[in-house]
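Comments concern the structure below.
The values are calculated or read from the model by the stated rules, or taken from the named source; none is laboratory data. Please read all numbers here as calculations on a predicted model, not as lab measurements. Reconstructed Cβ throughout: ideal geometry from the backbone, glycine too, with neighbour counts over all protein chains shown.
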Amino acid sequence: MSKPNLHKSALQEKDGIPQPESIGVASVAQIIQSRKRQPSAEELISGILKGDKTALSRAITLVESTNPKHLEKANQVIQACLPYANNSVRLGITGVPGVGKSTFIEAFGKYLTSNGKKVAVLAVDPSSTISNGSILGDKTRMEELVKDENAYIRPSASGETLGGVARKTRETIILCEACGFDMIVIETVGVGQSETAVHSMVDFFLLLKISGAGDELQGIKRGIMEMADAIVINKADGDNIKKANLAKTEFNRALHLFPAKSSGWQPKVITASAITHDGISNVLEMISEYLNLTKENNYFNERRQAQNQHWLLETINEQLKTNFFNHPEIKNLLEENKKAVQNNEISPFAAASVLLEKYFR
């Protein structure tokens, strides 16, 4: 008897049994052709208003594009969707890396969809400052929510934008609202200034914390505490329940040291577990309580109006900056002035004045 070939792969195809074509050549050509074809603005608008996630995704891609032609088309879509927006609740969620933001959002999102709500998650992933790449792994981390028909997850790279969110996320919110989503959840990068940017575009700002990580005092010191409408001590399960309740007491004490909010709302601290789902329903009850209060005293509408004005000015600043650095004459003059500044031939302030005068002339 001959010995079997021990080096032969178990996955090797048997002789005489060719692998069948998984998809026909004609079908491949048809798919490639359909992908090359760009839908018109009218088609995208119609699809979004019908709740088509594919049309929504393609429209968001236009919004995120830096191509001037795409920008014009994106503005057309946004303008048409604007009358159908502003009917959702905008929730910002932040917390340091490792606090369990994605797991919490999935548990909270599944709870909302089980109650008949449609949820859109806009997750911002940090981009590498070296390679400019981004993992965009939020769909992988939220493997249950991503399969839910009433949920939509859109990961985006932060790029060079301060905090990872700006005009693109703001306009994406409008498109998601026009698509019929009841709750728009924006997950921040969680590494600094992103909290400020997200706070300026949401109705309710939620700060996630974990107990036993030594960040209780650090959390009290940071300005993020002043922006938070509520704090959720996440991972309150198993042996960590006692520590979570202790952290809840500490943060409650700290919150009473801050000035009263103009909304009339007293920030709350609750414990929750994204694993056991304990406390998840309390989060929704708390948000509902906040919305009832702020809509009754008109703070909700006043805040949204102030946010609209804020993003008008932010967009002007961003566009001026883009136009300045893309101006052909400025590009050449900038390189000359950079060298002059490096060689101490001119001060940075004088060089800036020269460039600005040239641009506005």
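Values computed for the structure shown
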| item | result |
| --- | --- |
| Close pairs from segment 335-354: first among the small types (Gly, Ala, Ser), partner modelled with pLDDT under 95 and surrounded by 13 or more Cβ atoms within 10 Å (Cβ to Cβ), Cβ under 6 Å, at least 6 apart | ALA340/ILE346; ALA351/ASN337; ALA351/VAL341 |
| Qualifying position, being modelled with pLDDT of 70 or more and under 11 Å from LEU175 (Cα atoms), among PRO83, PRO39 | PRO83 |
| Complete set of residues in segment 219-235 that are in a helix (DSSP H, G or I) and either out of contact with any His (no Cβ under 8 Å at 6 or more places or on another chain) or modelled with pLDDT of 90 or more (or both) | GLY219, ILE220, LYS221, ILE224, MET225, GLU226 |
| Output for segment 287-330, where each listed residue is touching a residue at least 12 places away in the same chain (Cβ under 8 Å), closer than 19 Å to ASN87 by Cα and not hydroxyl-bearing (Ser, Thr, Tyr) | ILE287, LEU291, LEU293, ASN297, PHE300, ARG303, ARG304, GLN307, TRP311 |
| Number of the exception - GLU314 against (1) under 19 Å from LEU207 (Cβ atoms); (2) acidic (Asp, Glu); (3) outside the structural domain of ALA107 (by TED's automatic domain parsing) | (1) |
| Hits in segment 239-291 (condition: more than 30 Å from GLU143 (Cβ to Cβ), among the charged types (D, E, K, R) and within 28 Å of the chain's Cα centre (by Cα)) | LYS261, LYS268, GLU289 |
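Yes or no, residue by residue, for (1) farther than 27 Å from GLU289 by Cα; (2) under 18 Å from the mean Cα position of the chain (by Cα):
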position	(1), (2)
LYS73	yes, no
GLN79	yes, no
ARG90	no, yes
THR94	no, yes
GLY98	yes, yes
THR103	no, yes
TYR111	no, no
